[in-house]
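Worksheet for the structure shown next.
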Amino acid sequence: MKNIVLFASGNGSNVQQITEYFRGSKEVNVACVVVNRKNIYVIERAKNLGLECYYFNREDFYNSDKVLNLLKEKQADYIILAGFLWLVPKNILSEYERKIINIHPALLPKYGGKGMYGHNVHEAVIENKEQESGITIHFVNQEYDKGDIIFQAKCEITQQDNAESLAEKIHILEKEYFPKIIERVITNKI
Ligand code: GAR
């Protein structure tokens, strides 16, 4: 059994989908959720899902071993960034090389980097009149959205689409693929 810890900063729909997908799994156990903001909906979701949720502030993340110690205590094998918007600190990166997986709501390397997250991404894609977008699942390194790509899936953008409808299409792709790709990486099928 491999333990995964989910990092999140917002709504938490990916946290919910991943947790529901692995419920009853013999291979993957969701150990807990780590958040970096208070008053975000993912905290409520974690509670409803029966998951422990831990809050850490910037100081805890970047100037202490508190998060790393929690990961060790939970015997975390993998970290999943499920809508987590900070860079992963160096102390965690060095212990979890190629064991941290992020999902990005666009086709990297386009529309990545600092400030490119969530709705900002969809607005930029629509603004540039792209004809397609999609999701990128990738390993995490010290730079925003730069680690090796594991998987991408695309969706079409029509003239009727706006940032909201594109977000909905992306959300469908995330739901369909993110848990499955996590499972394949963890069970060495990718
Ligand atoms: C997701 O669309 C995810 O791809 C994106 O944030 C959203 C979180 O939604 N991640 C990034 O933009 C990372 N750069 P959720 O909180 O409902 O899972």
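Residues that are within 24 Å of A163 (Cβ to Cβ), away from the ligand (no atom under 13 Å from the Cβ) and assigned to a strand (DSSP E or B) within the range 96-148 comprise just one, E132. In the range 98-112 there is at least one residue that is over 24 Å from Q16 (Cα atoms) and surrounded by fewer than 14 Cβ atoms within 10 Å (Cβ to Cβ). Figure legend. Inter-residue proximity from the range 161-179: first residues within 18 Å of N102 (Cα to Cα) and modelled with pLDDT of 95 or more, second residues open to solvent by 30 Å² or more (accessible area, probe 1.4 Å) and within 11 Å of the ligand (Cβ to nearest atom), beta-carbon distance below 8 Å, spacing 6+ or different chains. Indicated pairs: A167/H119. Filtered by the rule that a residue be within 15 Å of the ligand (Cβ to nearest atom) and open to solvent by 20 Å² or more (accessible area, probe 1.4 Å), the range 14-23 gives Q16, Q17, E20, Y21.
Residues of the range 127-143 being of a type outside the set (G, A, S), surrounded by 16 or more Cβ atoms within 10 Å (Cβ to Cβ) and in contact with a strand residue (DSSP E or B) (Cβ under 9 Å, 6 or more places away or on another chain), which ones? Full working, then the answer.
Kept after step one, since they are of a type outside the set (G, A, S), are these residues of the range 127-143: 127-132, 135-143.
Next, from what is left, pick out any that are surrounded by 16 or more Cβ atoms within 10 Å (Cβ to Cβ): 130, 135-141.
The answer is I135, T136, I137, H138, F139, V140, N141.
Can you go through R23, R98, R58, R37 and tell me which one is farther than 21 Å from I181 by Cβ and in contact with a strand residue (DSSP E or B) (Cβ under 9 Å, 6 or more places away or on another chain)?
Numbers: R23 fails: farther than 21 Å from I181 by Cβ; R98 fails: farther than 21 Å from I181 by Cβ; R58 fails: in contact with a strand residue (DSSP E or B) (Cβ under 9 Å, 6 or more places away or on another chain).
Result of the check over R23, R98, R58, R37: R37.
Every condition in (1) open to solvent by less than 20 Å² (accessible area, probe 1.4 Å); (2) within 15 Å of the chain's Cα centre (by Cα) is met by G118 except one, and the failing one is (1).
Given the options K26, K47, K66, name the one that is on the phi < 0 side of the Ramachandran plot, open to solvent by 90 Å² or more (accessible area, probe 1.4 Å) and in contact with a helix residue (DSSP H, G or I) (Cβ under 6 Å, 6 or more places away or on another chain). Give the steps one after another, and end with the answer.
Numbers: K26 fails: in contact with a helix residue (DSSP H, G or I) (Cβ under 6 Å, 6 or more places away or on another chain); K47 fails: in contact with a helix residue (DSSP H, G or I) (Cβ under 6 Å, 6 or more places away or on another chain).
The match here is K66.
Restricting to the range 151-163, what's the tally of residues that are open to solvent by 30 Å² or more (accessible area, probe 1.4 Å) and either within 13 Å of the ligand (Cβ to nearest atom) or of a type outside the set (D, E, K, R) (or both)? Spell out how you get there, then give the answer.
Let us first name the residues in the range 151-163 that are open to solvent by 30 Å² or more (accessible area, probe 1.4 Å), namely 151-152, 154, 156, 158-160, 162.
Keeping just the survivors that are either within 13 Å of the ligand (Cβ to nearest atom) or of a type outside the set (D, E, K, R) (or both) gives 151-152, 158-160, 162.
Selection size over the range 151-163: 6.
Would you kindly identify the strands (runs of 3 or more DSSP E) lying entirely within the range 1-56 that contain at least 3 residues that are in contact (Cβ under 8 Å) with a residue 40 or more places away in the chain and under 18 Å from Y96 (Cβ atoms)?
Working: elements: 2-8, 28-35, 53-55.
Answer list for the range 1-56: 2-8, 28-35.
Restricting attention to the range 60-95, the residues that are part of a loop (DSSP other than H, G, I, E, B) and either within 16 Å of the ligand (Cβ to nearest atom) or touching a residue at least 40 places away in the same chain (Cβ under 8 Å) (or both) total 11.
The values are calculated or read from the model by the stated rules, or taken from the named source; none is laboratory data. Note that the coordinates shown come from a computational prediction; the quantities given were computed from them, not determined experimentally. FYI the Cβ positions are ideal-geometry reconstructions off the backbone, even for glycines, and counts take in every protein chain you see. The protein model used for the area step is the full one, side chains on, heavy atoms only, and it has no ligands, DNA or RNA in it. Shrake-Rupley method; radii C 1.70, N 1.55, O 1.52, S 1.80 Å.
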